[in-house]
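**Student:** Sharing a structure, written as structure tokens. Questions coming.
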Amino acid sequence: MAGFMVVMCLVMAYFLLFSDLLIERLYGFKRHLFVALILIYGLYRAFRLYTLIQNNKKEE
């Protein structure tokens, strides 16, 4: 599930940056801020997934 969330965050950020998705509601600074928040959340989820995998390897 965490891996899926990371992929979806990256896909959503890509579409917001390079397409007209939600352009009528999000534009300018708000759009860039939302993309940054999505990318930060994706990085956070990727870090949590990495630490979970590392902890599972140590327990084995």
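**Student:** If Ile40, Ile53 are ordered by their accessible area, calculated over protein heavy atoms with a 1.4 Å probe, which sequence runs from highest to lowest?
**Tutor:** Details: Ile40 105, Ile53 80 Å².
Of Ile40, Ile53, the descending order of accessible area is Ile40, Ile53.
**Student:** If you don't mind, another one. Over the chain, calculate the relative contact order: mean separation of alpha carbon pairs under 8 Å at least 6 apart, over the residue count, as a percent.
**Tutor:** The normalised contact order for the chain reaches 52 percent.
**Student:** Now for a different question. Provide the FRET efficiency to the nearest 0.05 for the Phe29-Met5 pair, computing r from the beta carbons and using R0 = 30 Å.
**Tutor:** Plugging the Cβ-Cβ distance into 1/(1 + (r/R0)^6) gives 0.75.
**Student:** With a probe of 1.4 Å, find how much accessible area the chain has per residue, and write the answer as a whole number in Å².
**Tutor:** Accessible surface, normalised per residue, equals 84 Å².
**Student:** What FRET efficiency comes out for Asp20 versus Thr51 if R0 is 30 angstrom and r is the Cβ-Cβ distance? Round to the nearest 0.05.
**Tutor:** 0.25
**Student:** Considering the options Leu21, Phe4, Gln54, tell which one lies farthest towards the positive end of the dipole of the chain, charges being +1 on Lys and Arg and -1 on Asp and Glu at the Cβ, about the Cα centre.
**Tutor:** Selected residue: Gln54.
**Student:** How much accessible area does Tyr27 have with a 1.4 Å probe, in Å² rounded to the nearest 10?
**Tutor:** The value for Tyr27 is about 140 Å².
**Student:** Residue by residue, what Karplus-based ³J(HN,Hα) values in Hz, rounded to whole numbers, does segment 23-40 have, using 6.51, -1.76 and 1.60 with θ = phi - 60° and x for Gly and Pro?
**Tutor:** Here the 3J(HN,Hα) series is 5, 6, 9, 10, 8, x, 4, 4, 5, 5, 5, 5, 4, 4, 5, 5, 5, 5 Hz.
**Student:** Once Rg and Dmax of the Cα atoms in Å is worked out from the coordinates, which option in (i) 21.4, 66; (ii) 26.4, 89; (iii) 14.8, 51 does it equal?
**Tutor:** Read-out from the structure maps to (iii).
The values are calculated or read from the model by the stated rules, or taken from the named source; none is laboratory data. Worth saying up front: this structure is predicted, and the values here are computed from it rather than measured. Every residue, glycine as well, gets a Cβ built from its backbone with ideal geometry; the counts of neighbours run over all protein chains shown. Heads up: the accessible areas ignore ligands, DNA and RNA and are worked out on the full protein's heavy atoms, side chains in. Shrake-Rupley method; radii C 1.70, N 1.55, O 1.52, S 1.80 Å.
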